[in-house]
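A short write-up of the structure that comes next.
The values are calculated or read from the model by the stated rules, or taken from the named source; none is laboratory data. Quick caveat: nothing in here was measured; it's all calculated off a predicted structure. So basically every Cβ, Gly included, is an ideal-geometry build from the backbone, and we count neighbours across all protein chains shown. Heads up: the accessible areas ignore ligands, DNA and RNA and are worked out on the full protein's heavy atoms, side chains in. Shrake-Rupley method; radii C 1.70, N 1.55, O 1.52, S 1.80 Å.
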Amino acid sequence: MIPLAVLTDIAAELPNAFPPRRTPVPDADADEVMGFFTDATLCIGCKACEVACKQWNQLPADGLEFTGYSYDNTKHLGATTWRHVAFKEKITPDFGKWLMVSDVCKHCAAAPCQQSCPTGSIVYNEFGSVYVQPDICNGCGYCVVACPFGVIDRSMIDGHAHKCTLCFDRQTEGMEPACAKSCPTDSIQFGPIKQLRERARERVERLHEQGRADAYLYGADSVGDYGPLHSFFLLEDHPHEYNLPVAPPQPLRNQAPRYAAGLAVGAALAAVAAFVFGRAARAAP
Amino acid sequence: MPPHDTQTGRPPVGPQVMAEGRGLGFPAAGGAPALSDRTAETVPGYYDVPMLKPPVWKDLISWYFFLGGVSAGAYVTSRLAERYGGPKFRPLATVGTCVAAAAAVPCAPLLIADLGDPKRFHHMLRVFKPESPMNLGAWVLTAYHGAGAAALAREWLRRGKADDEQKNQGFVRNAADGLLVAVADVGGIPLALLLASYTGVLLTGGATPAWCKNAWLPALFSASAVSSGASAVSLAAEALGRVGVDTAADVARGPLHIVQSVAHLAEVITLVGYLSSVRRAVPAAWGTLVAAAGAEVLRRLPAGRRLRPWLDIGSAALSLFGAYHLRSTVVNAGHDSANDPQSRL
């Protein structure tokens, strides 16, 4: 039988579920929508952002694994890693360079994790960021497969999904997120994304003037199925080099044809069944 | 252009193509294809770190997809057998309703066991959010249980009664029967079709290349649900017939076989469509094709009166195996494609 303790735990979870909070998809051009601009040309790979994020959000360590991937032993974002500094030694036959950028949740407008979330745990907060309400998430894992950037993951510790909150708690107190605060080179900049985009475009122009023709913005305009991302990047190489998708799909967009295909086949087979049973009934007994 | 670009022959990247509106804005200078048009072989990824997170779902989810499909298929088959087949197929409808209920019982526990925090399973129903296939599925499964309960309750009320006896037993009992039929058929059949196909839509909401936006998957799961559901009804009817329960298996065999064959055909067509659309090798899918073909061959083998039911039982079991194998194959293909560092978006 189910122990009484489990039943009382379930009862204790009940009030958390109500009232459901639903917020509209933020407008990327609204003044109050905040985001990150992460500039790969300024990143020195110091990982202060990773440490500051872990410290502020009280995230546990991920263990000490030596990956052999240059100066990157973090590898990827996860449930307890909300900033990840990609660090790559790019070596061609006669040239070598370091690629570094601090990756983070993109806080997509029309985010697939938000749309996929069956509990309504994932919402847009008043700053337009995608936020997982930790008291609602029941760990179904659908957001993990829905995210085309491989950002959100389910924690082995509490069984809930976690990702960058854009330091929701700091923002409500008027402070900037811990990673942006700690960044020694201002590679991570925080602010209203409308302003950040303008600043980023100026930065790209300046870099081009300096002869760094490879510089471009990733996610400031549309990318794949997405409009402007709330955290966008200035990169100097192909997105795949930084493990970013070139054409991230929004897999939950336009589901009607998929439902139609499934229901049409089911209904057609049901019609066959109705027909053959009806014919058998009319046949001589 | 910085000198290293020309020295290495590395295709230059930069903003020029942004103006041309190509992809992300990579240049196609010198006739080289824009980087955004190039494949995983020419641009190295980030070491061998996969771009996507693998699904956190365990094998339980394949069992749920399978049992939900069997339940929905058995439900539709048995309800339609009674509605359009009349008294002749009453025993079959009873068997099918019980099979559908039995297959539906483990569904919710399987889903709850797969949650990261099973104590919060009820949070699925705190919002109605049909844009999330999983939320829609939770509501459909809940409502389907209600319809299944109505169908079961009706079977219980009609137990041991002949059909004419059933028709004249007073206003209250007739009204109750009519209400239960309405819930079971008008409500239950569409819910069952949705239960069979939403699991496919659910997977297509994943970013993994093996599932993403693939319209074949819901069609495939629907076809497999009907074939495995009809097979489960056939299996139960034949097996109960062996132990002396009157299930009118001989009468039902003909129509059930046609339903199974057509559903198997639809399953094979949609599976081939799915395999050709994902553009990655899914070798395990052969198991389902072979099981469907084997089930059809087994049923058509010439046999005497004594052997016939056993061939049908074997055929139905093979079909059920194929249906589970299909769910497991599709789920595993999603895991593999998410874990593959080469599958970049």
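Here's the yes/no breakdown for (1) outside the structural domain of A:GLU32 (by TED's automatic domain parsing); (2) over 17 Å from A:LYS163 (Cα atoms); (3) free of Cβ contacts under 8 Å to residues at least 24 places away in the same chain; (4) open to solvent by 30 Å² or more (accessible area, probe 1.4 Å):
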{"site": "A:LEU64", "(1), (2), (3), (4)": "no, yes, yes, yes"}
{"site": "A:LYS90", "(1), (2), (3), (4)": "no, yes, no, no"}
{"site": "A:ALA110", "(1), (2), (3), (4)": "no, no, no, yes"}
{"site": "A:ALA146", "(1), (2), (3), (4)": "no, no, no, no"}
Is it true that some residue in segment A:188-208 is more than 8 Å from every other protein chain (Cβ to nearest Cβ), more than 29 Å from the chain's Cα centre (by Cα) and surrounded by fewer than 18 Cβ atoms within 10 Å (Cβ to Cβ)?
-> yes
Please state which of the following conditions A:PRO112 fails to meet, knowing it meets all the rest: (1) out of contact with any Leu (no Cβ under 8 Å at 6 or more places or on another chain); (2) within 21 Å of A:GLY159 (Cα to Cα); (3) of a type outside the set (Lys, Arg).
-> (1)
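So that you can scan it fast, the table gives a plain yes or no per residue for (1) within 19 Å of the chain's Cα centre (by Cα); (2) touching a residue at least 40 places away in the same chain (Cβ under 8 Å):
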residue: B:SER276; (1), (2): yes, no
residue: B:ARG280; (1), (2): no, yes
residue: B:ALA284; (1), (2): yes, yes
residue: B:THR288; (1), (2): yes, yes
residue: B:ALA291; (1), (2): yes, no
residue: B:ALA295; (1), (2): yes, yes
residue: B:LEU301; (1), (2): no, no
residue: B:GLY304; (1), (2): no, no
residue: B:ASP312; (1), (2): no, yes
Unmet criterion (only one of (1) within 14 Å of another protein chain (Cβ to nearest Cβ); (2) closer than 18 Å to A:TYR226 by Cβ; (3) outside any strand (DSSP E or B)) for A:LEU166 | (1)
Result of the Cβ filter at 8 Å on segment B:217-243, keeping first residues that are farther than 14 Å from B:PHE66 by Cβ and more than 7 Å from chain A (Cβ to nearest Cβ) and partners that are open to solvent by 10 Å² or more (accessible area, probe 1.4 Å) and not in a helix (DSSP H, G or I), at least 6 apart or interchain, is B:ALA237/B:ALA248
Given (1) modelled with pLDDT of 90 or more; (2) farther than 24 Å from A:ILE193 by Cβ, where does A:ALA17 come up short, assuming only one miss?
-> (1)
Does A:CYS140 meet the test of being hydrophobic (A, V, I, L, M, F, W, C), on the phi < 0 side of the Ramachandran plot and over 16 Å from the mean Cα position of the chain (by Cα)?
-> yes
So B:ASN339 clears everything in (1) within 30 Å of B:GLY206 (Cβ to Cβ); (2) under 18 Å from the mean Cα position of the chain (by Cα); (3) in contact (Cβ under 8 Å) with a residue 60 or more places away in the chain except one condition, right? Which one?
-> (2)
What residue, among those in segment A:135-144 that are in contact (Cβ under 8 Å) with a residue 24 or more places away in the chain and outside any helix (DSSP H, G or I), is surrounded by the most Cβ atoms within 10 Å (Cβ to Cβ)?
-> A:CYS137
Can B:VAL181 be described as in a loop (DSSP other than H, G, I, E, B), among the hydrophobic types (A, V, I, L, M, F, W, C), over 17 Å from the mean Cα position of the chain (by Cα) and in the same structural domain as B:GLY148 (by TED's automatic domain parsing)?
-> no
Note down all Cβ pairs under 9 Å where the first residue falls in segment B:163-180 and is under 17 Å from B:GLY86 (Cα atoms), the second is modelled with pLDDT under 65 and open to solvent by less than 50 Å² (accessible area, probe 1.4 Å), and they're at least six residues apart or on different chains.
-> B:ASP177/B:GLN166
Taking the options A:LEU263, A:LEU234, A:LEU269, name whichever one is at pLDDT 95 or above and open to solvent by 20 Å² or more (accessible area, probe 1.4 Å).
-> A:LEU263
Residues being touching a strand residue (DSSP E or B) at 6+ places or on another chain (Cβ under 6 Å), at negative phi and not aliphatic (A, V, I, L, M): count how many of those fall in segment A:204-227.
-> 1
Selected residue (criterion: surrounded by the most Cβ atoms within 10 Å (Cβ to Cβ)) from residues of segment B:179-193 that are out of contact with any Gly (no Cβ under 9 Å at 6 or more places or on another chain) and at pLDDT below 95 = B:LEU180
With segment A:72-134 as the region, which strands (runs of 3 or more DSSP E) entirely inside it contain at least 3 residues that are over 16 Å from A:LEU229 (Cα atoms)?
-> A:83-92, A:95-104
Failed condition for B:VAL233, given (1) part of a helix (DSSP H, G or I); (2) touching a helix residue (DSSP H, G or I) at 6+ places or on another chain (Cβ under 6 Å); (3) open to solvent by 10 Å² or more (accessible area, probe 1.4 Å) | (3)
Of those in segment B:253-268 that are buried (at least 19 other Cβ atoms within 10 Å of the Cβ) and within 8 Å of chain A (Cβ to nearest Cβ), the residue farthest from B:SER224 (Cα to Cα) is B:PRO255
Filter segment A:151-163 for residues that are out of contact with any strand residue (DSSP E or B) (no Cβ under 9 Å at 6 or more places or on another chain) and facing another protein chain (nearest Cβ under 8 Å); the one that is most open to solvent (accessible area, probe 1.4 Å) is A:ASP158
Looking at segment B:159-178, is at least one residue at pLDDT below 95, assigned to a helix (DSSP H, G or I), open to solvent by less than 40 Å² (accessible area, probe 1.4 Å) and of a type in the set (S, T, N, Q)?
-> yes
Residue tally, condition farther than 14 Å from B:LEU217 by Cα and either touching a helix residue (DSSP H, G or I) at 6+ places or on another chain (Cβ under 7 Å) or at pLDDT below 90 (or both), over segment B:313-335 | 12
How many residues, within segment B:316-345, are in a helix (DSSP H, G or I) and either hydrophobic (A, V, I, L, M, F, W, C) or touching a Pro at 6+ places or on another chain (Cβ under 7 Å) (or both)?
-> 15
Answer residue from segment A:236-281, given it is touching a strand residue (DSSP E or B) at 6+ places or on another chain (Cβ under 9 Å) and polar (S, T, N, Q) and is farthest from the other protein chains (Cβ to nearest Cβ) among those = A:GLN250
Exactly one of (1) among the polar types (S, T, N, Q); (2) surrounded by fewer than 24 Cβ atoms within 10 Å (Cβ to Cβ); (3) in contact with a helix residue (DSSP H, G or I) (Cβ under 8 Å, 6 or more places away or on another chain); (4) at the interface with another protein chain (Cβ under 10 Å from one of its Cβ atoms) is unmet by A:THR119. Its number?
-> (2)
Among the residues of segment A:94-105, is any within 12 Å of chain B (Cβ to nearest Cβ) and within 19 Å of A:PRO248 (Cα to Cα)?
-> yes
